[in-house]
Every structure is written in C-alpha cells, then in structure tokens.
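See below for the structure under consideration.
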Amino acid sequence: MTAVLRAVISSALAGLLGLDSVQAGQFLLSRPAFVGPVLGWLNGCPLEGARLGILLELLYIDFIPVGGVVPPNGTAAAAAAVLAHTAGLAPSLSFFVGLAAGALFSPLDYRLRSARSAWNPLVEAQVRAGVFSLRRWVARSLLIENAAMAAYVFAWFAAAALLAQVPGLARLYPGTDFAYALMPWLGLSGLYFRFRTQIYKKG
Amino acid sequence: MQAGWNYERFQNLGFAYCLQPALEKFYPDPEKRKAALLRHLGLVNTQPYMASFVAGNVAAVEERAAASPDAEAALKSMPGVKQALATSFASIGDRIFWGRLKPMTVQLCVLVWSAGGFFGWLFTGLDSPVSVALLFAGPGAGIAVYSAFAVYWRWRGLKVGYACGGASSCGLDCADWSRLIRRLSAAGFAMSLAIAALAFGLLWRANSGAAPADLAFRLGLPVAVMALHRVSRAYGRSVFFAAGLVLAGSLLLFSVLSFSPFKLYL
C-alpha cells in the first residue's frame, strides 16, 4: 500500500473518529490517546503513534469544552502528528506539527458550528410543512464534519510531506528532540495542578 | 444529542431528534406532533451525558399533555423546568465528566502502560519492544471505565427523569453529586501524585550512574518545566504557551547556537 493511499484511509478514519468528539457517541474514541495508536498501527508505527497520542492528550486535556467554547481539536492533532511522522518528519517535529494542527482546527470548527445556525429556520419550515425527517439533518451534519476533518488531516499530511523535502530540516531536530523530551513533564504538570486546584477548592 | 450543534440554539436539533420517537408515539395526530416537535427545536444547552435527565422529564410531560384534555395547561411550566434542569445538570455534568473523569482516563492509560512495562510515555527517545495489545490496553481501559460510567448515567437519567417528569428539581436529588465530585477529585489527585512519584522515580533510576550535580540538573529540568507551566497558568496562558516557550528555547540552544545534544536520561 502506498503512503498516499494509507494517508487517505487514515484521514477518512480520523474523520470518522472525530465525530465521536461532539457529534456522535462521545465515548472518547476521538481522544488523541486512542487516535494515536490506531493510526500509528495502520501506518506501521504503533509505538510512535501511541507516544504522540498520549503526549498530545496530556496537553489537550488542559482544555474543557464547556458552554460554546471550541477547544483545540485532539483528533486533528493526533492524526496530523502521526501522518506527519509517516510523511518523513522526525517524531519530535511531528508532535509540534500536530499541536499546531489541533489548535488551528478550532477556527474551522467554529465556522462549521456557525454555519449550522442557518439550518434552524429551514428545519422548522420543513416540520411545518409536515416533513418530520430530522434524521436527514443529523446525517448531513455528521457527513460535513466527517469530510471537513478528513480533508483537514490530509492537507496536513501533504504539507508535512512537502516540509520533509526542505533541505537542512535536520538542523532543527536537536532542538525539537529536546523540547519533545520535556513535553511529558509539561503534561504531567497540567494533570497535577488540575486536581490539586479541585482539592483546594473542595469540589 | 450534539449532532447539529449550532451557536444559535446549541443542541436543539439533537434534542428534538432524541425526543422524536417518543413524540411520534404520544401524538398520532400529525398536527399535534408538528407542534410538539417545533416546541423542542428551541434553544437547549446542557451537558450531553446529563441531557437524558432533561429528555426523560420532557417526555413524561409531553405524554401527560397528550393524554390531557387541556394540553396547554399541562405544558405551561415545561419551558421553565426544561431550562432550569438543563442549566443545573450542565454544571454537574461538566464537573464530573469533563473536569474529572476525562483527565482520569489519561491517568489510567499511563498507569496501565507502566504496569505493563511501557515507559515510552515518559522517555521520548526510548524504543523498547512493546506489544500492540498493551498500546491499545492503555487508552482502552480509560475508554471502558469512562463509557461505562457515561452510559450508566445516560440510562439512569432517562429513567429518573421520566419517573418524576414535570418537577423542576427532578433528578437533582437522585445522587449525592457533591460527594461524588469530591471523591472523584480525591481519586484524581491521588493518581496524579502516584504518577508524578512514578515519573520522578523512573527518571532517577534512568540517571542512576550520573554524578550528583548532573543528576540534580536532570531532575531539576522537569521541575523547571512544571514551574513554567504553573506560572503560565497563573498569568492566564494556556499550556500551548508554555510548550511554545520550551520549543523556542530548545531551538535556540540546540539548533541555532548548536549546543551539543542533551538527553534527560543516560
């Protein structure tokens, strides 16, 4: 299987898993800790996929999706990171590529959510006309989210493949490797202070 | 529940979609069913797992209204009750699921991996052989525990909400939420301490041959990173800010100024 075909399948799978984030299920199948090893396994690097996934998860767990807040997207982050690695980037640089991909998905997600506001009068008009098929609107929402995530992840794969061709890129690796080695500690700090604050506030 | 989430009315489409089978049963007359469905296409915003408390409550009220000769009177208090419950359960659900259980799944993953002998989550350069089954067991354990809890409360919420439908406090007293939240916080904090102790213990062991000053430096670096995160939080910055600073500093030292590569462990 060629790398591009694998990337296409991985992007489509990321799109499916991404639906679990908000649109359907919410069983945490969209979290980086799961997406990382799944896509890593699919692309022949389960260990690195798992590592990228858990480290992204440790940082992304800092964001809580309360109210109308659109947090950075962990699925996009993990999928982009694993595919960036398969495209030829070192794991350390792939991690930071994933971090950026997840953060930059928020504006797209915001636009998708805003665009769906325009559906409300259309759905109401349809119900008034005696058509009770809400399923169609739900399916449309799932399909658009799925396609957006898949296209977004594949675009990051393509960008990473181009970046991997840049001469002298390896000069960055000593720096990114060192920063990557410190990321688990940054994540553990987030976990520690989250629960410490809760204990301090007594619930 | 959250399919079709939008900024104008939040979860209205998903909520109406969830209620639709019940409304079809209660209102065989298409005109009445139409009115009922339109009632629930208005604004709804709550925590997705706890939405079942609201849905069960609303279904019970709609059922009574459908059977009542004065449907308008039966439905009079429903919008207020729905709004009050949605807000209350959102607050409870956010604290239980997003604030506590979700981070605990990450802790569980790390603990399962560590119990299986995989420490790649801490040492980024470590390439020890590890089974794919173990790599999936970590996140799988978190997903199983979390989902079991979530499915249980979704089912229980629907049952409790339907049983006491119409009351504005319906379901709020079905569990000691404060105690549950306190216990989850305590469990999460205990796991955080255990993981921090494990991480520093592993780092200590990985540097066991190092000179005292070298060892102190290698143990001090993670502490400095944690302090950086703490300071960033204190100034309202996200973890990305701290990660960006670490990356910028590392690139400057090792890629621009060409310091010789340094590893946290020997």
### Task
Please give the calculated 222 nm ellipticity per residue for chain A, where each DSSP H segment of at least 4 residues contributes -39500 (n - 2.57) and the sum is spread over every residue; nearest 500 deg cm²/dmol?
-25500 deg cm²/dmol
### Message
Distance between the C-alpha centers of the range A:147-177 and the range B:99-175? Whole Å please.
### Response
32 Å
#### Entry: Charge-dipole axis of the range B:12-206 as Lys and Arg at +1 and Asp and Glu at -1 on Cβ define it, positive-most pick from B:Phe149, B:Ala36, B:Ala187
B:Ala187
### Query
Based on the Cβ-Cβ distance from B:Thr87 to A:Ile199, what FRET efficiency comes out when R0 is 25 Å, to the nearest 0.05?
0.45
#### Entry: Label-to-label distance, nm, for residues given as B:Ala248 and B:Arg182 (7 Å Cα→Cβ offset)
4.4 nm
### Query
In chain A, which helices (entire DSSP H runs) extend 27 Å or more along their own long axis, judged by Cα positions, while averaging at least -1.0 on the Kyte-Doolittle scale?
A:91-117, A:134-163, A:173-201
### Query
Once you put a point 7 Å from the Cα of B:Ser68 and another 7 Å from the Cα of B:Lys159, both along the Cβ direction, what distance in nm separates them?
2.7 nm
### Query
What ranking of A:Ser114, B:Ser114 emerges when the number of other C-beta atoms within 10 Å of each C-beta is taken as an exposure proxy, fewest first?
A:Ser114, B:Ser114
### Query
Given the protein assembly as shown reduced to its alpha-carbon atoms as identical point scatterers, what log10 I(q)/I(0) does the Debye formula return at q = 0.06, 0.07, 0.09 Å⁻¹?
-0.30, -0.40, -0.64
### Task
Could you go through the range B:69-81 in sequence order and give the Karplus-derived ³J(HN,Hα) for each residue, using 6.51 cos²θ - 1.76 cosθ + 1.60 with θ = phi - 60°, rounded to whole Hz, and x for Gly and Pro?
x, 10, 4, 4, 5, 5, 9, 4, 8, 4, x, x, 5
### Equivalent ellipsoid, the range A:23-96 (semi-axes from 5 times Cα gyration tensor eigenvalues, Å)
22, 13, 9
### Message
Could you tell me which residue out of A:Pro121, A:Ile54, A:Ala151 lies farthest along the dipole of the range A:3-201 toward its positive end? Charges go on the beta carbon: Lys and Arg +1, Asp and Glu -1, centred on the Cα centre.
### Response
A:Pro121
### Query
Can you give the net charge of the other residues whose Cβ lies under 13 Å from the Cβ of B:Ala242, counting K and R as +1 and D and E as -1?
+2
### B:Tyr7, A:Tyr180 arranged by Cβ crowding within 10 Å, fewest neighbours leading
B:Tyr7, A:Tyr180
## Note on the structure
With +1 at each Lys and Arg Cβ and -1 at each Asp and Glu Cβ, the charge dipole magnitude of the range B:159-266 around its Cα centre, to the nearest 20 debye, comes out at 40 debye
### Query
Between B:Leu43 and B:Tyr235, what is the FRET efficiency for a Förster distance of 25 Å, r being their Cβ-Cβ separation, to the nearest 0.05?
0.10
### Query
Once both labels are modelled 7 Å past Cα along the beta-carbon direction, what's the A:Arg140-A:Ala125 spacing in nm?
1.1 nm
## Note on the structure
Counting other chain Cβ atoms within 10 Å of each Cβ in B:228-238 and taking the mean gives 3
### Query
Under the definition of partner shielding as Cβ atoms of other protein chains within 10 Å of a residue Cβ, what is the mean value for peptide B:244-251?
6
### Summary
From DSSP H assignment alone, runs of 4+ in chain B each adding -39500 (n - 2.57), the sum over residues rounded to the nearest 500 puts [θ] at 222 nm at -22000 deg cm²/dmol
### Message
As a footprinting exposure proxy, order A:Asp62, B:Asp29 by other Cβ within 10 Å, with the fewest listed first.
### Response
B:Asp29, A:Asp62
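Rule-based calculations on the coordinates, nothing more; no lab input. Treat the numbers as computed from the prediction; the structure is a model and nothing was measured. No Cβ is skipped: glycine too gets one built from the backbone with ideal geometry, and neighbour counts run over all protein chains shown.
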